[in-house]
Amino acid sequence: MKQCSQADWKSPTLEDPEQSGCRSSVRYPHIRLEKASPSGLYLLVGQPVLDDRGSFTRIFDTALLASSGLETRFAQRAIATNTRKGTLRGLHFAAAPHSEIKLVMCLRGAIYDVVVDLRHGSPTRGKWSAFLLAADDCTSLYIPHGFAHGYQTLSDETLVAYDLSTPYVAAASRGVRYDDLELGIPWPLPVTSLSDRDATLPSIADLNSADDVAPFTGAGDLHA
């Protein structure tokens, strides 16, 4: 699993997903929690147990999340199918008071997963980080309140799962343009599919209201 920010990003490859990265981790048997950056992001990394039948992997552990003060209760779970390589979804967030903590995992294929810090008062507000999530790495990305999230598929027929800490409210749905020049995110592939809505999202400079985004509270940002 690989994380980079705009300071050191190199386009990911499925052949070499571990080009660089700096994370610290808390370990439980067969699963570990790694801090990522900016502050509040975590990776939940399953450790497969192998035998002649195949493998068994724990991908979620309430006690492990609770040990770092993170959310353990998720109200909804959804999956997104993506037919074409190069499909782009995002960058999305939910306005307060319906802000969501997300747990994102790629179940089939691979994605270039991007988060943008929008938290008021955060020292990294306006900065993005990117992660390569692939089905065979058994890794989930924990995204706290106050981040916009999006991804581009790196293979056909990609399947992505989301856990949401609060129920989705359509009226609270917001977003930032994936090609915002201020962000300068280097999406690795030409965009092959994009919704009409995502094509017309505002730039980060044109977000309507300062009250839309959760404030920076540090740690895991449990509270919006």
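Can you tell me which residue in region 60-113 is farthest from Trp187 (Cα to Cα), limited to those that are of a type in the set (S, T, N, Q) and outside any loop (DSSP other than H, G, I, E, B)? It would help to see each step written out before you state the result.
Restricting attention to region 60-113, the residues satisfying the condition of being of a type in the set (S, T, N, Q) are 62, 67-68, 72, 76, 81-83, 87, 99.
Then keep just the ones that are outside any loop (DSSP other than H, G, I, E, B); that gives 62, 76, 81-82, 87.
On the way: Thr62: 33, Gln76: 28, Thr81: 19, Asn82: 16, Thr87: 11 Å.
Looking at residues that are of a type in the set (S, T, N, Q) and outside any loop (DSSP other than H, G, I, E, B), I get Thr62.
For region 152-167, taking the residues that are modelled with pLDDT of 95 or more and charged (D, E, K, R), the one that is surrounded by the fewest Cβ atoms within 10 Å (Cβ to Cβ) is identified as Glu157. Within region 71-87, residues that are farther than 17 Å from Ser99 by Cβ and touching a residue at least 60 places away in the same chain (Cβ under 8 Å) reach partners that are part of a loop (DSSP other than H, G, I, E, B) and acidic (Asp, Glu) with beta carbons closer than 7 Å, at six or more positions or on different chains, in the pairs Thr83/Asp156; Thr83/Glu157; Arg84/Asp156; Lys85/Asp156. The residues of region 114-151 that are of a type in the set (A, V, I, L, M, F, W, C), part of a loop (DSSP other than H, G, I, E, B) and crowded, with 22+ Cβ neighbours inside 10 Å amount to a single one, Leu118. Summed over region 46-59, the residues that are outside any loop (DSSP other than H, G, I, E, B), of a type outside the set (S, T, N, Q) and free of Cβ contacts under 8 Å to residues at least 60 places away in the same chain give a count of 5.
Return the residue satisfying two criteria in turn: it lies in region 176-224 and is modelled with pLDDT under 95 and not in a loop (DSSP other than H, G, I, E, B), and of such residues it is surrounded by the most Cβ atoms within 10 Å (Cβ to Cβ). Among those residues, the one meeting the criterion is Ile204.
Of everything in region 59-92 that's of a type in the set (A, V, I, L, M, F, W, C), farther than 23 Å from Cys138 by Cβ and modelled with pLDDT of 95 or more, which residue is nearest to the chain's Cα centre (by Cα)? Talk me through it step by step, then tell me what you get.
From region 59-92, those of a type in the set (A, V, I, L, M, F, W, C) are 59-60, 63-66, 70, 74-75, 78-80, 88, 91; that's our starting set.
Those still in the list that are farther than 23 Å from Cys138 by Cβ too: 75, 88, 91.
With modelled with pLDDT of 95 or more added as a condition, the list becomes 88, 91.
Working: Leu88: 13, Leu91: 10 Å.
For region 59-92, the residue satisfying everything is Leu91.
Scanning region 155-170 for any residue that is under 24 Å from Lys35 (Cα atoms) and of a type in the set (S, T, N, Q) turns up at least one such residue.
The values are calculated or read from the model by the stated rules, or taken from the named source; none is laboratory data. Given the structure is predicted, the values throughout are model-derived calculations rather than measurements. All Cβ positions, even for glycine, are placed from backbone atoms using ideal geometry, and neighbour counts span all protein chains on display.
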